[in-house]
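The next block holds one structure in the form of structure tokens; read it before the comments.
Please treat every number below as a calculation from the coordinates, not as lab data. These figures come from a predicted structure and were not determined experimentally. Positions of Cβ are backbone-derived with ideal geometry, glycine not excepted, and every protein chain shown enters the neighbour counts.
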Amino acid sequence: MAYSEKVIDHYENPRNVGSFDKGDDSVGTGMVGAPACGDVMKLQIKVNPSTGVIEDARFKTYGCGSAIASSSLVTEWVKGKTLDQAADLKNSQIAEELALPPVKIHCSILAEDAIKAAVDDYRKKHVS
Ligand code: FES
Ligand code: FES
């Protein structure tokens, strides 16, 4: 499998690796697995409760280079975005940015699912 330069860059220098405290009210956590290959991705957002803007993001991914690159990219993209904007992110944008080949498209879908799950989790904590 030939990886694109952008995948290799994110794989070798992953951005925003780590975790936030799941119990923190300002944190949303998305944990998803890919049935196709068994890879697991955890993506977390830290939200400013008064503005609804995502201020920070972290990820941990046990998976292939494309899955790591996809989650690293998403943590960069969602910073400064609203929850709606983050939930709107499409895997096709990730796949295009990283020039993923067809067999690696599901890795970008994992990242889309993970950010959506993180936004959902945050929203569930804040239903009044
Ligand atoms: Fe999941 Fe690549 S198949 S690591
Ligand atoms: Fe399965 Fe990348 S997430 S091969």
Exercise. State, to one decimal in nm, how far the label point of SER92 lies from the label point of SER50, with both points 7 Å from Cα in the Cβ direction.
Key: 3.9 nm
Exercise. Give the residues of the stretch 1-16 whose amide nitrogen is closer than 14 Å to a point set 7 Å from the Cα of VAL103 in the direction of its Cβ.
Key: 1-4
Quiz prompt | Per-residue [θ]222 nm for the chain (sum of -39500 (n - 2.57) over DSSP H runs n ≥ 4, rounded to 500) | solution = -13500 deg cm²/dmol
Quiz item: In nm, what is the difference between 0.36 nm times the number of residues separating LYS22 and ASP84 and their Cα-Cα distance?
Solution: 20.2 nm
Exercise. Within 10 Å of each residue's Cβ, count the other Cβ atoms and sort LEU110, LEU89 from fewest upward.
Key: LEU89, LEU110
Quiz item: Fewest first, what order do HIS106, HIS10, HIS126 take by the number of other Cβ atoms within 10 Å?
Solution: HIS126, HIS106, HIS10
Quiz prompt | Rg ratio (alpha-carbon, reference 2.2 N^0.38 Å) - the stretch 1-103 | solution = 1.07
Quiz item: How big is the antiparallel share of DSSP beta bridges in the stretch 5-125, given as a percent to the nearest 5?
Solution: 95 percent
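Report the net charge of residues surrounding ALA99, where surrounding means a beta-carbon distance below 13 angstrom and charges are Lys +1, Arg +1, Asp -1, Glu -1.
-2
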Self-check item: Lysine pairs within the stretch 50-128, Cα separation less than 21 Å, 8 or more sequence positions apart or different chains
Solution: 18
Quiz item: Rounded to the nearest 0.05, what FRET efficiency do LYS125 and ALA2 have when you use their Cβ-Cβ distance and R0 = 41 Å?
Solution: 0.45
Quiz item: When only C-alpha pairs under 8 Å and at least 6 residues apart count, what is the relative contact order of the stretch 1-108, in percent?
Solution: 28 percent
